[in-house]
Structures are given as C-alpha cells and as structure tokens.
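Colleague: For reference, the structure I am asking about is given below.
The values are calculated or read from the model by the stated rules, or taken from the named source; none is laboratory data. Treat the numbers as computed from the prediction; the structure is a model and nothing was measured. In case anyone asks, the SASA skips ligands and DNA or RNA and just uses the protein heavy atoms, side chains included. Shrake-Rupley method; radii C 1.70, N 1.55, O 1.52, S 1.80 Å.
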Amino acid sequence: QPAGDLNVEVLPQPAADPDLVRRAREGDVHAFEALYRQWHRRIYHYILQMVNNETEAIDLTQDLFVRLWEVLPTLRAEEAFTSYLYRMATNLCRDQYRRRGRVHLESLDQPRNEDGDDERGRELADPRADPTQPLSHAELSEQVQAALAKLSPDHRTVILLHHFQDLELVEIARIMGCAEGTVKSRLARAREELKRKLQGYLRWE
C-alpha cells in the first residue's frame with residue numbers, strides 16, 4: 001500500500017553521497033555536519049513515531065548523531081550508510097523500550113486481549129461516535145499514531161520503515177538483521193493489525 005493510505009507525510013529520502021560519507025569517516029567535521037543537516041529531520045520523525053514521546057525522541061536523535069560521529073570510522077566502505085543509520089536508530093529505540101519496561105513481545109506481565117494485543121496505551125476513539133463528522137487530518141494522524149503505538153516493536157518497525165520512510169524490503173531486512181521473506185511476513189501481519197485497529201477510519205484496498 002502507498003504511504004498515503006495511512007494519511008502520513010513521507011519525507012524526501014536524502015541521497016547518501018558516498019564522497020560525503022567517506023570524508024566524514026575520515027574525520028571531516030564539515031562533511032559530518034552536512035550529513036547531519038541532510039538526515040536529522042527524517043531520523044527524528046522516525047524515532048518520534050517509534051517511541052511516541054517528543055522529549056525522548058529529541059534526546060535519542062541527539063544521542064544517535066553523537067554515537068554516529070564516534071563509530072563512523074568503523075563503517076565498512078561497502079556498507080550502506082542509510083541502512084547503518086536506521087539500524088542505529090532502531091536499536092536505540094529498542095533500548096528505550098527496555099528502559100521503559102515495555103517490551104511488548106517479551107513481557108508476560110502486560111494485559112492482552114484475546115487477539116494478543118497489548119491493552120496498555122491510549123485507546124482509539126470510537127469511529128461510530130459521530131459518523132457524520134469526518135476526522136481532520138490532525139485527528140486522523142493521531143489515530144494512526146495511537147494504533148502504531150499499540151503494535152509490537154517488530155511490526156511497528158516494518159510499518160514505519162516501509163510506509164513512512166519509504167524504504168525497500170531488502171533494505172529493511174538489512175536494518176533489522178533478518179531475511180527479506182521475514183520482513184514480508186511481518187509487514188503483512190502488521191498491516192492486518194493496523195486494519196483491525198483503524199477500521200472505520202481508513203479505506204484499505
């Protein structure tokens with residue numbers, strides 16, 4: 001499905017300039033600053049949608065670029081910078097889930113409904129409350145974000161990377177460290193979950 005089906009903004013994908021990456025790897029501060037300007041907004045939006053908390057997203061984004069500067073010299077020349085950057089961001093978000101004590105899949109303490117969904121977090125508003133009044137763009141975006149927040153970390157990751165960040169499945173597989181077929185199956189299950197959670201808000205083809 002195109003990202004528009006989820007009523008979300010897809011930011012333009014920056015081009016990972018190999019020369020800029022190479023110079024940053026070699027310690028060129030100006031090259032790194034150029035990479036920061038290119039990627040900061042996009043990565044911040046990804047982290048914000050992953051953790052659903054603005055303060056945490058600001059801190060994690062800052063932490064990511066500090067760490068990136070430190071580890072860039074270890075980046076192999078043949079390794080895709082985009083995959084490397086998103087893998088770092090994804091791992092930071094997962095660490096944040098653990099700090100919160102809210103790792104959905106591993107925890108046996110969280111209440112779940114009969115579908116296995118985590119029942120904590122914001123509830124979706126009842127779409128039947130006033131069917132004659134269409135939701136505004138902001139309201140619909142809020143419902144989408146609330147639904148995303150209730151997905152498991154793996155399902156949220158594949159949805160965000162594919163539909164919101166416009167990445168190909170093969171690149172998502174590199175980011176998540178799994179087979180492309182695994183990404184496909186996770187994406188299919190995640191989309192079905194979102195369809196259930198957003199029934200009444202969006203039309204799905």
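Colleague: Could you run the Karplus curve 6.51 cos²θ - 1.76 cosθ + 1.60 with θ = phi - 60° over the range 27-41 and give me ³J(HN,Hα) per residue in whole Hz, x for Gly and Pro?
Modeller: Using θ = phi - 60°, the values come out as x, 6, 5, 5, 5, 5, 4, 5, 4, 4, 4, 5, 10, 4, 5 Hz.
Colleague: Taking θ as phi - 60°, what are the ³J(HN,Hα) couplings along the range 182-191 by the Karplus curve (6.51, -1.76, 1.60), each to the nearest whole Hz, with x for Gly and Pro?
Modeller: Listing the rounded values in order: 5, 4, 4, 5, 5, 5, 4, 5, 5, 5 Hz.
Colleague: Here's another thing I want to ask about it. Could you work out what % of the accessible surface of the range 18-79 is carbon and sulfur, using a 1.4 angstrom probe and leaving DNA, RNA and ligands out of the count? Present the calculation step by step, with values, prior to reporting the outcome.
Modeller: Numbers: 1750 of 3480 Å².
Ligands and nucleic acids excluded, carbon and sulfur reach 50 percent.
Colleague: Can you tell me the accessible area per residue over the range 52-92, all protein chains present, probe 1.4 angstrom, in square angstrom? Walk me through the numbers on the way to the answer.
Modeller: Values: 2040 Å² over 41 residues.
Normalised by residue count, the accessible surface of the range 52-92 is 50 Å².
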